[in-house]
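We did not get these values from a lab; they are worked out from the coordinates using the rules stated. Since we're looking at a predicted model, the values are computed, not measured. Virtual Cβ from ideal backbone geometry, glycine too; neighbours counted across all protein chains shown.
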Amino acid sequence: MASKKKSESGFSRRTFLKTVGASGVAAGVLGSGRVAEAQGVNAVGPGAVPIRLTINGTVHRLEVEPRVTLLDALRDRLNHTGLKRVCDRGSCGACTAIVDGRTIYSCSTLAIELQGKDVRTIEGLTEGTVLHPVQQAFVKHDGTMCGFCTPGFVMSAAALLERYPKPTVEQAREALDGNICRCGTYTKVLQAVLDTGKGVSRG
Ligand code: FES
Ligand code: FES
């Protein structure tokens, strides 16, 4: 399931861990400042540094340590708690956000990397009190039980429908394959997504 996220975002949990691991080994030998110098980049951290994040069209200025993930920044600093922390290791999709039109696992993406990018969360899908068509379809098709996975599924579905307004079953399955539902709502979620593509939930 994680492979879909890799292909869409170009930055997988594996890449994340390999980068952190390699940097850690190098830092142990040279010290983090000299590693950065050797790589021709300016060192930041380990203390908090100022960053700017554009979340749902609003610019937020905050100070975070470079190790802070987008999910931590959203939930702990910005009070955006719609995206859920379930596995916290890039395997369940409950934390799915959309960055520049593509889905990412926010628990496995560093906030500092997302400066200058268009970050969208579940809070940004509604227009006032009007639910996004995908959300309406989830309600109509009863595509949620405990609901913990639901924000992530909705974000993956929204990103899919922006790329493919009338997705095929195969496209929908592929788009959702990075999201896990322990309650087993898959059939109803798939139906909700396909019906949204047909405009059924809008009518
Ligand atoms: S909480 Fe991020 S993938 Fe599970
Ligand atoms: S509705 Fe409970 S985990 Fe999906």
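Distances between placed amide hydrogens fall under 5 Å for residue 54 paired with 60, 116, 117, 119, all partners being 5 or more residues away or on another chain.
The listed peptides 56-69, 165-178, 102-115, 141-154, ordered by packing as a protection proxy, come out as 102-115, 141-154, 165-178, 56-69 (highest mean of other Cβ atoms within 10 Å first).
Quick one: length gained pulling residue 123 to residue 89 fully straight, 0.36 nm per residue minus the C-alpha distance? Could you put the intermediate results ahead of the total?
Working: separation 34, 0.36 × 34 = 12.24 nm, distance 2.22 nm.
This chain segment gains 10.0 nm when fully extended.
Please list, or write none, the aspartates and glutamates whose alpha carbon is within less than 18 Å of the alpha carbon of residue 140, excluding same-chain residues fewer than 8 places away. Filter leaves 195.
For residue 117, a cut-off of 19 angstrom between C-alpha atoms picks up these aspartates and glutamates, skipping any fewer than 8 places away in its own chain: 8, 63, 65, 72, 100, 162. Taking a straight line from the alpha carbon of residue 188, these aspartates and glutamates sit under 17 Å away, with near neighbours fewer than eight places off in the same chain left out: 142, 170, 174, 177.
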